[in-house]
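Written below as structure tokens is the structure these notes are about.
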Amino acid sequence: MSQYWSAVVHGLTPYVPGEQPKLPDLVKLNTNENPYGPSPKALQAIAAETSDHLRLYPDPNGDSLKLAVAAHYGVTTQQVFVGNGSDEVLAHVFLALLKHDEPILFPDITYSFYPVYCGLYGVEYREVPLDADFAINPDDYHGPNGGVIFPNPNAPTGRLLPLDAVAAIARHNPDRVVVVDEAYIDFGGDSAIRLIDQHPNLLVTQTLSKSRSLAGLRVGFAVGHPDLIDALERVKNSFNSYPLDRLALAGATAAMNDNAHFEHTRQAVIATRERLNAGLAQLGFAVLPSAANFVFARHPQHDAAQLAAALRERAIIVRHFKHPRIDQFLRITVGTEQQTDVLLAALAEIL
Ligand code: PMP
């Protein structure tokens, strides 16, 4: 069938997401989902929307969610863009805001969707090596480039870049867009959204998949200068008139407005992360400092791929990456207290 494909399709290396097994009794710690579930108010809003309104098209502006995001961060709705997961928001960012005639910069160890978008949109890129301790060095991100993108905290390392270093990267690249992908920021960092008024070239993306526990709904957003948002809206409106379906809009708006559930569940994840860190250290693992809802750990005496396989035999799934610099690490999602007990007990048995 490939004779029917356009040349674009032949050149693509699509992103492969982590395993999504159907078995309910697996301890699934491989794709950084939130174990606590979304706000009950989001579930109620989705149910109400299902019974009443699916006959009708959704709001083409996504205004209720833009208002909720704007209120949460003290910005205006003209500074907010919404889309189907931050993956889709990022796709629009790659098309609308990163220059296609100069290589863009991102860390050599980072979210593996970035090179996929480069392939899709024909964007050249240069991978900037992380420091020896897996930190991003802001001084490495200047010189001629088509823009910069990095997650903060970085994935899969979990390491956080302080806000003054994020500001330094924005300052180093005044004529280029600097994108901070804050998928995991709520688990331990301050959002760079507070920097956007001083740095009109800074765009921050976030997701409701992690700290709001709505990965299945597919909602993300970007916050930045109205000119950047305008560029994203133009690309989006050339692709699809409706940023989100009715269920996603209703659920995401209710989730953003439920601060009590958000605070309670993210504090639970942070507390369990610290217990997981301590348990892994006790078993001899070296664990990178994480500001995310996962940890990145290596055992000096045990091969990471073999450990992942041994855990899989015990119905526990964690993530192992084949990249040569990190192939001795496991990325482990912070689950419930009980899942953490099961994981630590299994590791104690294996080691
Ligand atoms: N950025 C990073 C760094 C991620 O790890 C993820 C989740 N895989 C995303 C963006 C995308 O999240 P979503 O599309 O679910 O909003």
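Rule-based calculations on the coordinates, nothing more; no lab input. Note that the structure is predicted; figures quoted are calculated from it, not measured. In this analysis, Cβ positions are derived from the backbone assuming ideal geometry, glycine residues included, and neighbour counts consider all displayed protein chains.
Here is how the number arises for the chain: DSSP H runs of 4 or more residues each give -39500 (n - 2.57), the sum is divided by the residue count, and the result at 222 nm is -11500 deg cm²/dmol. Result for the chain in a Gaussian network model with C-alpha springs under 10 Å: among Asp52, Asp87, Asp139, the largest mean-square fluctuation is at Asp52.
Taking the number of Cβ atoms within 10 Å of each Cβ as an exposure proxy, the fewest-first ranking of Leu203, Leu330, Leu67 is Leu67, Leu330, Leu203.
Using the Cα coordinates of region 113-222, the gyration tensor eigenvalues translate into equivalent-ellipsoid semi-axes of 21, 17, 15 Å, sorted from longest to shortest.
A Förster radius of 25 Å combined with the Cβ-Cβ distance from Glu349 to Glu274 puts the calculated FRET efficiency at roughly 0.60. For the chain, the share of DSSP beta bridges that are antiparallel, to the nearest 5, is 55%. If you wrap region 12-63 in the convex hull of its Cα atoms and look at it from every side, the mean projected area works out to 7.2 nm². Distance between the C-alpha centres of region 78-124 and region 188-267: 16 Å, rounded to the whole angstrom. Between Gln282 and Asp101, full extension at 0.36 nm per residue minus the direct alpha carbon distance yields a gain of 60.2 nm.
Of the residues His199, His10, His142, His320, the one with the fewest other Cβ atoms within 10 Å heads the list, and the complete ranking is His10, His142, His199, His320.
Here is the tail figure for the chain: Cα pairs spaced more than 31 Å apart come to 35 percent of all pairs.
Extending 7 Å from Cα along the Cβ direction at Tyr4 and again at Asp25 yields two label points whose distance is 4.3 nm.
Rounded to the nearest 0.05, the FRET efficiency derived from the C-beta distance between Asn137 and Glu263 at R0 = 45 Å is 0.85.
Neighbour counting of Cβ atoms within 10 Å sorts the residues Ser6, Ser39, Ser290, fewest neighbours leading, into Ser6, Ser39, Ser290. At q = 0.15, 0.16, 0.22 Å⁻¹, what log₁₀ I(q)/I(0) does a Debye calculation on the Cα points of region 200-351 give, no solvent, two decimals? With one equal scatterer per Cα and no solvent, log10 I(q)/I(0) is -0.91, -0.96, -1.31. Residue pairs exceeding 30 angstrom between C-alpha atoms, taken from Lys66/Lys99; Lys66/Lys210; Lys210/Lys236; Lys28/Lys322; Lys28/Lys236: Lys28/Lys236.
Could you calculate the FRET efficiency of Leu56 with Glu127 from 1/(1 + (r/R0)^6), where r is the beta carbon distance between them and R0 is 41 Å, rounded to 0.05? Efficiency at R0 = 41 Å is approximately 0.35.
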